[in-house]
Amino acid sequence: MSPNEWVPIRWSSGPLDADSRTTESEREALGALHRPAALDLLTGTPFNCLVLSFATGKEQDAEQQKTLAPLIEEAKRRQFTVLGRIIGPAETYLSAARTAGLDGVITDAPVANSPLPAFAVTGAASLEDSQSILPVKGCEWPAVRLSRSGNAESGPTGYPWVNANGWRIQLARTLHPSATVWSMAEPRKAQVPVRPELYALAVADAAAYGGRWLVTLDSHTQTGLVKQSTEAREAWATLVKAVRFFELRRKVSTEVITRFGILSTFAGENEAVAQESLNLSFRRQFPARILHPSRLGNKWSNGLRAIAVIGNETDRNVLQPALDAGATVLA
C-alpha cells in the first residue's frame, strides 16, 4: 500500500500515553486499548494506518516499546500500516523502531540516514525536501474559540469565527504537490467529550482541501468507547461516516477556483503577513490561489484578475504576463 493511500488514526494506548492522563478511568481505558483485541474497533472502518506513541524521552519509553509488541504484531496481521510517533530527538530510537516492526516514524525534525521511513512534522510553508507524507504542525482544532466560561470569543471589532486549516493544507500542497498532507490538529482539552459533529468538521477541514486529518480522539471519547457508552459510540459512528465519505471521493478535484491570488514565500519576514492574509481570505470565504515564487509555471496567472504580492522576492518581469492579461497587481 502506497503512503498516499494511508488513512491514519492516532492510536493512543499504553503506559506512555497513560502518563499524561489525569483520571484512573482514562488510564484504564488506555490499558484496554493497548491489547490486540482492541483493534476490533477498527473493523469495517476506512482506517488502515495506526500511529502509535513510541518514544518521548520519558522513563516510560522502554515499557511502552516492550508492551507494544503484541499490538504491532496483531495490527500487521490485519494488514495495517503501523507508524511510531517520536517526540524530541529521534536518532536514539530509530533502530528500536525498525526492530519493533514499525513501517515508519513521525518525528519532530528531519532525520538523516534513517533505517526506516521518517516523516518530519513541518510548517506549511517549509521548502524542505518533499516527503511522501507531510504532517503539518500548527494546525488548530477547527471550532469556534471559547472562553473559560464557555462563551464564544471574538476580536474587539468582529464576530466569533471558526478556526480552520484549509489554507495551511493548500499551502503545503502547493509547495509539495506530490506529497499527501496530514493535519496534526488535536481536540482541545475540555471537561466534556467532543461533540460528534465537531469530529466530522475536523475530517472535512483537511479533506475538503485534499489533505487528511490524523484522526485523534479526545480522552473522554476514548474512555467512552472502551466502556461502550452511547455518546462515545455516536461520536465514533459520525467520525467514521465522515472519513468514509471523503475517502470515496479522493479523486474529486479539490482545486480552489478563484480569480484572486496571493504571491509570496509565506516564510521568513513575509510569514506573519502572508500567512495571516491567507487565513483571513479563507475565513471570509474569499479564497485565494496560493502562489510561490519558486513554484510558478508558465500559466501561473491564467484566470486571475487580482494578485496581491507580499514580499520583494518576485521580479517584475515575472509579473508582466499577468499585467498584460489585465490583472491588477497589488504590491
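For residue 309, enumerate residues with amide H under 5 Å from its amide H, sequence gap 5+ or separate chain, H modeled in the peptide plane.
Amide H neighbours of residue 309, under 5 Å, 5+ apart: 263, 330, 331.
Within 10 Å, count the other beta carbons around each residue, average over each peptide in 209-217, 238-246, and list them highest first. List each step's numbers first, then the result.
On the way: 209-217: 24.2, 238-246: 19.2.
Averaged packing, sorted descending, gives the order 209-217, 238-246.
Report ³J(HN,Hα) in whole Hz for each residue of the range 99-107, in order, from the Karplus equation J = 6.51 cos²θ - 1.76 cosθ + 1.60 where θ = phi - 60°; Gly and Pro get x.
4, 6, x, 5, 8, x, 9, 10, 10
On full extension of the chain, what length is gained from residue 178 through residue 28, given 0.36 nm per residue of separation minus the C-alpha to C-alpha distance?
Working: separation 150, 0.36 × 150 = 54.00 nm, distance 4.09 nm.
My answer for the length gained is 49.9 nm.
Out of all Cα-Cα pairs in the range 2-143, roughly what percent, to the nearest whole number, are more than 24 Å apart? Working shown, then result.
Numbers: 3093 of 10011 pairs.
Beyond 24 Å sits 31 percent of the P(r) for the range 2-143.
Return the sequence-ordered ³J(HN,Hα) values of the range 309-317 in whole Hz as given by the Karplus equation 6.51 cos²θ - 1.76 cosθ + 1.60 applied to θ = phi - 60°, using x for Gly and Pro.
Coupling constants for the range 309-317: 9, 10, x, 10, 7, 9, 5, 4, 4 Hz.
Under a 5 Å amide H to amide H cut-off, with H placed in plane at 1.01 Å, what residues pair with residue 186 once short-range neighbours are removed?
Amide H neighbours of residue 186: 141.
Calculate the length of the line joining the C-alpha centroid of the range 181-219 to that of the range 1-45, in whole Å.
So the two Cα centres are separated by 16 Å.
With θ taken as phi - 60° and the coefficients 6.51, -1.76 and 1.60, list the Karplus ³J(HN,Hα) couplings across the range 115-123 in order, rounded to whole Hz; mark glycine and proline as x.
Once rounded to whole Hz, the list reads x, 8, x, 10, 10, 7, 5, 9, x.
5 Å is the cut-off here: which amide hydrogens, built 1.01 Å from N in the peptide plane, fall below it relative to residue 134, excluding neighbours closer than 5 in sequence?
Hits under the 5 Å cutoff: 180, 181, 182.
Pick from 219, 53, 253: which residue has the top mean-square fluctuation in a GNM of the chain where Cα pairs under 10 Å get a spring?
Most flexible of the set in this elastic network: 253.
Rounded to the nearest 5, what % of DSSP beta bridges with both residues in the chain are antiparallel?
On the way: 2 of 36 bridges.
For the chain, the DSSP antiparallel bridge percentage is about 5.
Equivalent ellipsoid semi-axes for the range 4-61, as square roots of 5 times the alpha carbon gyration tensor eigenvalues: give them largest first, rounded to whole Å.
Values: eigenvalues 100, 44, 14 Å².
Its equivalent ellipsoid spans semi-axes of 22, 15, 8 Å.
Counting other beta carbons within 10 Å of each Cβ, put 56, 43 in order, fewest first. Provide the component values of the computation, followed by the final result.
Values: 56 18, 43 8.
So the residues, fewest neighbours to most, are 43, 56.
Mind putting a number on the dipole of the range 260-330 about its Cα centre? Charges go on the C-beta only, +1 for Lys and Arg and -1 for Asp and Glu, and I need it in Debye to the nearest 20. Working shown, then result.
Numbers: 7 positive and 6 negative charges, 73 e Å.
Roughly 360 debye for the range 260-330.
With a ≥ b ≥ c the root eigenvalues of the C-alpha gyration tensor of the range 260-330, is it rounded (a/c under 1.5), prolate (a/b larger than b/c) or oblate? Present the calculation step by step, with values, prior to reporting the outcome.
Values: a/c = 2.02, a/b = 1.27, b/c = 1.59.
Because a/c hits 1.5 or more and a/b fails to exceed b/c, the range 260-330 counts as oblate.
Kindly provide the helix-only [θ] at 222 nm of the chain, computed as the sum of -39,500 (n - 2.57) over DSSP H runs of four or more divided by all residues, to the nearest 500 deg cm²/dmol? Could you put the intermediate results ahead of the total?
Numbers: 11 runs with 107 residues, N = 331.
Dividing the helical sum by the residues of the chain leaves -9500 deg cm²/dmol.
Provide the gained length on full extension for the span residue 237 to residue 2, in nm with one decimal, where the gain is 0.36 nm per separating residue minus the Cα-Cα distance. Mind showing how you got there, number by number?
Working: separation 235, 0.36 × 235 = 84.60 nm, distance 2.64 nm.
Additional length available on full extension: 82.0 nm.
Using a Debye calculation, one point per C-alpha and no hydration shell, please list log10 I(q)/I(0) for the chain at q = 0.11 Å⁻¹ in order.
For the requested q values the scattering log ratios are -0.77.
At a Cα cut-off below 23 Å, give the lysines reachable from residue 227, other chains included and same-chain residues fewer than 8 away excluded.
Cα-Cα hits under 23 Å: 189, 241.
Take the Cα pairs of the range 229-289, get the Kirkwood Rh, then feed it into Stokes-Einstein at 25 °C and 0.890 mPa s and tell me D in µm²/s.
The estimated diffusion coefficient comes to 167 µm²/s.
Compute the relative contact order of the chain as a whole-number percentage, counting only Cα pairs closer than 8 Å that sit 6 or more residues apart in sequence. Don't jump to the answer; show the numbers that get you there.
Numbers: 576 pairs, mean separation 41.6, N = 331.
That works out to 13 percent.
Starting from 0.36 nm per residue, how many nanometres of slack lie between residue 98 and residue 252 once their C-alpha separation is accounted for? Don't skip to the end; give the middle numbers.
Numbers: separation 154, 0.36 × 154 = 55.44 nm, distance 3.58 nm.
Contour length minus the Cα-Cα distance gives 51.9 nm.
Only the coordinates and a few stated rules stand behind these numbers; no lab work does. Small disclaimer: the values here were computed from a predicted structure and weren't measured. Backbone-built Cβ (ideal geometry, glycine too); neighbour counts: all protein chains shown.
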